[in-house]
Amino acid sequence: MKILVVGGGGREHAVIKKLSETKIKPELYAVPGNGGIAKIAECFKDIKATDTEKIVGLTKREKFDMVFVASDDPLSLGLVDEIEKTGVRAFGPSKAAAEIEWSKVFSKNLMKKYNIPTADYASFDSYESAADYIKGDINFPVWLKTDGLALGKGALRAENTDKALNILKYIMLDKTFGDSGNKIVIEEELTGQEITVLAFCDGKTVKPMVSSQDHKRAFDGDEGENTGGMGTFSPSAIYTPEIADWCMNNIYIPTIKAMQKEGRKYKGVIYFGLILTDTGVKVIEYNARFGDPEAQVVLPRLKTDFLDIINAVIDERLDEIEIEWQDNAAVCVILASNGYPGKYKTGFEITGLEEFEKDGEFALYHAGTVIDDNDGKIKTSGGRVLGVTATGKDLPDAIKKVYGVINHVSFEGMFYRRDIGVK
């Protein structure tokens, strides 16, 4: 079986590694892949994940049996729809279903329409109307969020009117996030601990995975700017069985039913970004795929054959599969380039990879890496460079293990948070 995975980050490395461990051992390929993925899959690194036409052509030429669309941009462009038109099996939601991620306005309106708990909000498609709203009688702080995708950086907090107007200009007039900021959502700030729950869904049945908690801020103590994620751990101690049952009945199932009623059958992985507030659990956001770095702690805990689950989702028989998880904990710490999430330099050699990979108790997921064509060395190519994951009998054990092994690898300007999992 030949499987193509679309994407080139840590999430895709985690997906490909898990696929390599399945019982049939498929031939694995990636577009564009990265330096780590290239160790276990053939990478077509000259094709962009967003080049739908070339990926469809590649699928036909290479006669792939399945295409796993793992990242957000190609999902938003309708790659799954185009692959299915060729008769090839595709994993991931359609463009219409993936709008639950690529349009904040759509997702917020969906939750409001179907009484799914979320923050109060208002949406706007013009700078003037949004500015008038900010100048009105609203309670601060608020969050201003781009309607479209923005690499995890499109949510900005404003403590007062002046700050909100500056952010609004930054998004809608300065076009910092391009067309993603043509529409904007302004919503109340919710306070509490955040939880991520990923789930498999075949359009009818939803099966949640083990919980996790992400660390979005760049620096220790949740200081600094928001990032795509600086580390994560699983499971979440605050996600009790009682809360899980409540979420299933009031968030997970209602969301999938809402998408059915809207004519947008949801098949693939759905990400529920939740927050436990004083008044209960509410939805912060949806994503239409595995989270990154949540995939790096959830997938290592999966016992059931990953490919069996994928096929059950595609064939709409997820209700027939029993999904089992290891009774342990996992922690992932992201090693980033100095300056991230702002400007940073790339092209630095990463040393110590071989030493790290000798130990089978850990996983090293590549995100922003590339193999240099000139000298064959693996070098940095992004802001989030590597994800170091360790599993342990419990969370303190996994934390101790991951921080005991991080310094096996290094590159110029490397930095990471030293408090992942502590909260």
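Here are the numbers for the structure shown:
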| item | result |
| --- | --- |
| Cβ pairs under 7 Å, 6+ apart, first in the stretch 144-167 and more than 13 Å from residue 228 (Cα to Cα), second of a type in the set (S, T, N, Q) and assigned to a loop (DSSP other than H, G, I, E, B) | 147/103; 147/182; 148/103 |
| Answer residue from the stretch 384-394, given it is out of contact with any Gly (no Cβ under 6 Å at 6 or more places or on another chain) and surrounded by 16 or more Cβ atoms within 10 Å (Cβ to Cβ) and is farthest from residue 354 (Cα to Cα) among those | 392 |
| Any pair with Cβ under 9 angstrom, 6 or more apart, that starts in the stretch 404-423 at a residue that is touching a residue at least 12 places away in the same chain (Cβ under 8 Å) and ends at one that is assigned to a helix (DSSP H, G or I) and of a type in the set (Val, Ile, Thr) | 416/406; 420/399; 420/402; 421/399; 421/402; 422/399 |
| Test: residue 176 is among the β-branched types (Val, Ile, Thr) and under 30 Å from residue 246 (Cβ atoms) | no |
| Sole exception among (1) modelled with pLDDT of 95 or more; (2) crowded, with 18+ Cβ neighbours inside 10 Å for residue 156, by number | (1) |
| Flag if residue 80 is over 29 Å from residue 379 (Cβ atoms), open to solvent by less than 10 Å² (accessible area, probe 1.4 Å) and in a helix (DSSP H, G or I) | yes |
| Matching entry among 48, 23, 17 (being open to solvent by 30 Å² or more (accessible area, probe 1.4 Å), modelled with pLDDT of 95 or more, closer than 23 Å to residue 298 by Cβ and in a loop (DSSP other than H, G, I, E, B)) | 23 |
| Extreme residue, surrounded by the fewest Cβ atoms within 10 Å (Cβ to Cβ), among residues of the stretch 191-200 that are touching a Phe, Trp or Tyr at 6+ places or on another chain (Cβ under 7 Å) and over 15 Å from residue 249 (Cα atoms) | 198 |
| Residue list for the stretch 382-395, restricted to those being in a strand (DSSP E or B) and farther than 26 Å from residue 33 by Cβ | 392 |
| Count of residues meeting criterion [farther than 28 Å from residue 242 by Cβ and surrounded by fewer than 19 Cβ atoms within 10 Å (Cβ to Cβ)] in the stretch 262-278 | 3 |
| Failed item in (1) surrounded by fewer than 23 Cβ atoms within 10 Å (Cβ to Cβ); (2) in contact with a Pro (Cβ under 6 Å, 6 or more places away or on another chain), with residue 240 passing the rest | (2) |
| Of the criteria (1) part of a loop (DSSP other than H, G, I, E, B); (2) in contact (Cβ under 8 Å) with a residue 60 or more places away in the chain, which one residue 375 fails | (2) |
| Wholly within the stretch 147-246, strands (runs of 3 or more DSSP E) carrying at least 2 residues that are within 29 Å of residue 137 (Cα to Cα) and in contact with a strand residue (DSSP E or B) (Cβ under 8 Å, 6 or more places away or on another chain) | 155-158, 184-188, 193-202, 223-226 |
| Residue in the stretch 311-325 that is open to solvent by 30 Å² or more (accessible area, probe 1.4 Å), under 25 Å from residue 396 (Cα atoms) and assigned to a loop (DSSP other than H, G, I, E, B) present | yes |
| Residue that is at positive phi and under 22 Å from the mean Cα position of the chain (by Cα), where the choices are 87, 92 | 92 |
| Total residues in the stretch 331-369, condition of a type in the set (Val, Ile, Thr), open to solvent by 60 Å² or more (accessible area, probe 1.4 Å) and either within 17 Å of residue 14 (Cα to Cα) or part of a loop (DSSP other than H, G, I, E, B) (or both) | 1 |
| Scope the stretch 396-413; condition in contact with a Ser or Thr (Cβ under 9 Å, 6 or more places away or on another chain) and either open to solvent by less than 30 Å² (accessible area, probe 1.4 Å) or part of a helix (DSSP H, G or I) (or both); matching residues | 397, 398, 401, 402, 409, 411 |
| Selection from the stretch 113-132 of residues that are out of contact with any strand residue (DSSP E or B) (no Cβ under 6 Å at 6 or more places or on another chain), over 30 Å from residue 248 (Cβ atoms) and either surrounded by 13 or more Cβ atoms within 10 Å (Cβ to Cβ) or small (Gly, Ala, Ser) (or both) | 126, 127, 129, 131 |
| Enumeration of residues in the stretch 294-310 that are part of a loop (DSSP other than H, G, I, E, B) and buried (at least 22 other Cβ atoms within 10 Å of the Cβ) | 294 |
| Residues (of a type in the set (Ser, Thr, Tyr) and farther than 19 Å from residue 221 by Cβ) located in the stretch 390-417 | 391, 410 |
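The values are calculated or read from the model by the stated rules, or taken from the named source; none is laboratory data. It should be emphasised that the depicted structure is a prediction, and the values quoted were computed from it without experimental measurement. Methodologically, a virtual Cβ is constructed for each residue, glycine included, from the backbone with ideal geometry; neighbour enumeration extends over all protein chains shown. Surface accessibility is based on the protein's heavy atoms, side chains included, excluding ligands, DNA and RNA. Shrake-Rupley method; radii C 1.70, N 1.55, O 1.52, S 1.80 Å.
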